[in-house]
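Contents: one structure, followed by commentary.
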Amino acid sequence: MMHRTVTEAYCLSRPALHSTPVVFSSPHSGRDYPLAFLQSSILSDHLIRSSEDAFVDELFADAPQLGAPLLAARGPRAYIDLNRAADELDPAVIEGIMRAPHNPRISSGLGVIPRVVSQGRPIYRGKIGLAEAEQRLRRHWHPYHDALHGLMDESLLRFGEAVLIDCHSMPHEAIEAHARPGVPHPEVVLGDRFGASAGRDVVARIEAAFRGAGLRVVHNAPFAGAYITQTYGRPSRRQHAVQIEIDRSLYMDEGRIQRRPDFAAFQKLMMGIVAGITTAFRPDTALAAE
């Protein structure tokens, strides 16, 4: 039986038997929207969810049964973006912040305290106070990353390597925009920052699990990974991080932010993929392959 720890910042599900160096993290699937935040936003309760990786934590929910921990955020991405550095503060939305050197994420409104949701829709009418921003970092960002650092260190110590699967979803339109005429659009994008955050063999094993399930996979375009892969991916230290982006249209109605009627079937498909990934990195599997 798995063990679950629930805090304000995250839900951590640990396996009864930790049998693989793989760690699953879902930083953008949080859906606990503080009432005061909703009241301060100019967006409807529905539109403010548009940048949320809805249901991604459910797609990877079987990881603990397969020997790997799953860390899932509870705070929503529109409230605080855990895939940004703590100092990526936007002076256009936070009072008292000095303008820093050019940062394209901050400039586009997607700092650690986002200014906009998808399609550039503003979240606030004005600015929020610096104390409010610092409180979000203290209550959500730091606890989440403390937990993630701990899980990676634990895997490294126990298995001699750690493999972080950074779980995300992408709007279908983002893939359509990068599709080539006459070529079926990809359904999964693996981001390893062009080889900087994970070894080639590690990415190949993850890709094999998705391709084995019949999904079309590409690398690094249009998503190569952000803060989490950049920070936790250290292949030279046997610490790898790969960002997974899954086409939302495969399992949800994006406009309504609702599970598709066949959600359970896709969830079962994902269970097989997660099983393939966790098995590929189990020490006994790796030794058998040598």
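Can you name every residue in the stretch 51-69 that is assigned to a loop (DSSP other than H, G, I, E, B) and modelled with pLDDT of 95 or more? Scanning the stretch 51-69 gives Glu52, Asp53, Ala54, Phe55, Phe60, Ala61, Asp62, Gly67, Ala68, Pro69. Taking residues in the stretch 84-103 that are touching a residue at least 24 places away in the same chain (Cβ under 8 Å), and partners anywhere that are in a loop (DSSP other than H, G, I, E, B) and of a type in the set (Lys, Arg), the pairs with Cβ atoms closer than 7 Å and at least 6 places apart or on different chains are Asp90/Arg115; Ala92/Arg115; Val93/Arg115; Val93/Lys127; Ile94/Lys127; Glu95/Lys127. Residues of the stretch 266-276 include none that is under 19 Å from Ser25 (Cα atoms), in contact (Cβ under 8 Å) with a residue 12 or more places away in the chain and assigned to a loop (DSSP other than H, G, I, E, B). Taken together, the residues in the stretch 62-83 that are under 19 Å from Ile165 (Cβ atoms) and either among the β-branched types (Val, Ile, Thr) or without any contact (Cβ under 8 Å) to a residue 24 or more places away in the chain (or both) amount to 0.
For every residue, the table says whether it meets (1) among the β-branched types (Val, Ile, Thr); (2) surrounded by fewer than 24 Cβ atoms within 10 Å (Cβ to Cβ); (3) assigned to a loop (DSSP other than H, G, I, E, B).
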site: Arg4; (1), (2), (3): no, yes, no
site: Ser19; (1), (2), (3): no, yes, yes
site: Gln39; (1), (2), (3): no, yes, no
site: Leu71; (1), (2), (3): no, no, no
site: Leu89; (1), (2), (3): no, yes, yes
site: Met98; (1), (2), (3): no, yes, yes
site: Gly109; (1), (2), (3): no, yes, yes
site: Gln119; (1), (2), (3): no, yes, no
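Residues that are within 21 Å of Met271 (Cβ to Cβ) and either in contact with a Gly (Cβ under 9 Å, 6 or more places away or on another chain) or at pLDDT 95 or above (or both) do not occur anywhere in the stretch 220-237. Kindly check whether there is at least one residue in the stretch 27-39 that is within 14 Å of the chain's Cα centre (by Cα), at pLDDT 95 or above and basic (Lys, Arg). The answer is yes, given that some residue of the stretch 27-39 is within 14 Å of the chain's Cα centre (by Cα), at pLDDT 95 or above and basic (Lys, Arg).
Residues in the stretch 206-253 that are more than 30 Å from His142 (Cα to Cα) and polar (S, T, N, Q): Ser249 alone. Residues in the stretch 86-107 include at least one that is touching a helix residue (DSSP H, G or I) at 6+ places or on another chain (Cβ under 7 Å) and within 30 Å of His3 (Cα to Cα).
The values are calculated or read from the model by the stated rules, or taken from the named source; none is laboratory data. Model, not experiment: these values are computed from the prediction. Every residue, glycine among them, receives a Cβ derived from its backbone with ideal geometry; neighbour counts consider all protein chains shown.
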